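In what follows, a single structure is set out as structure tokens and then discussed.
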Amino acid sequence: MKYRRELAREVGGEVHAFELLSEAEARELIELFRAARANEVRALRRAIDAALTAMPGPLRTVTRKIIFGR
């Protein structure tokens, strides 16, 4: 039951199909969701870095401050 509840939180609400999953299946599915989210974050960071690297130096600094507030 623990993993099914975590899975519901992960997707933002109850999905009745989750009740059909065993705990092992729910655990595996939540691990896949978390791995996918981590991959998405890494890919987004790489894309942002690539876009900023393509800009001329002076614009890179200003753009980074505008986007990230740093």
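The values are calculated or read from the model by the stated rules, or taken from the named source; none is laboratory data. Worth saying up front: this structure is predicted, and the values here are computed from it rather than measured. Cβ sites come from the backbone with ideal geometry, for glycine too, and all protein chains shown count toward neighbours. The area values use the complete protein model at the heavy-atom level, side chains included, leaving out ligands, DNA and RNA. Shrake-Rupley method; radii C 1.70, N 1.55, O 1.52, S 1.80 Å.
Some points to look at:
- Over the chain, Cα pairs under 8 Å with separation of 6+ residues give a relative contact order of 24 percent.
- Fraction of accessible area attributable to carbon and sulfur, the range 1-68 (%, probe 1.4 Å): 61 percent
- Per-residue Karplus couplings for the range 26-42, computed as 6.51 cos²θ - 1.76 cosθ + 1.60 with θ equal to phi - 60°, are listed in order as 5, 4, 4, 5, 5, 5, 5, 4, 5, 5, 5, 5, 5, 4, 5, 5, 4 Hz, Gly and Pro entered as x.
- For Glu23, net neighbour charge (Lys/Arg +1, Asp/Glu -1) across residues whose Cβ lies under 11 Å away: +1
- For Rg/Rh (Cα atoms, Kirkwood Rh), calculated from these coordinates, the label among [x] 1.29; [y] 1.00; [z] 1.08: [x]
- Per residue solvent-accessible surface (Å²) - the chain, probe of 1.4 Å: 79 Å²
- Listed residue (Ala26, Ala8, Ala43) projecting farthest to the positive dipole end of the chain, Cβ model: Ala43
- Distance between the pseudo-spin-label points of Arg46 and Val15 (7 Å out from Cα toward the beta carbon): 2.6 nm.
- Helix axis angle, 2-11 relative to the chain longest principal axis, alpha carbon, degrees: 40 degrees
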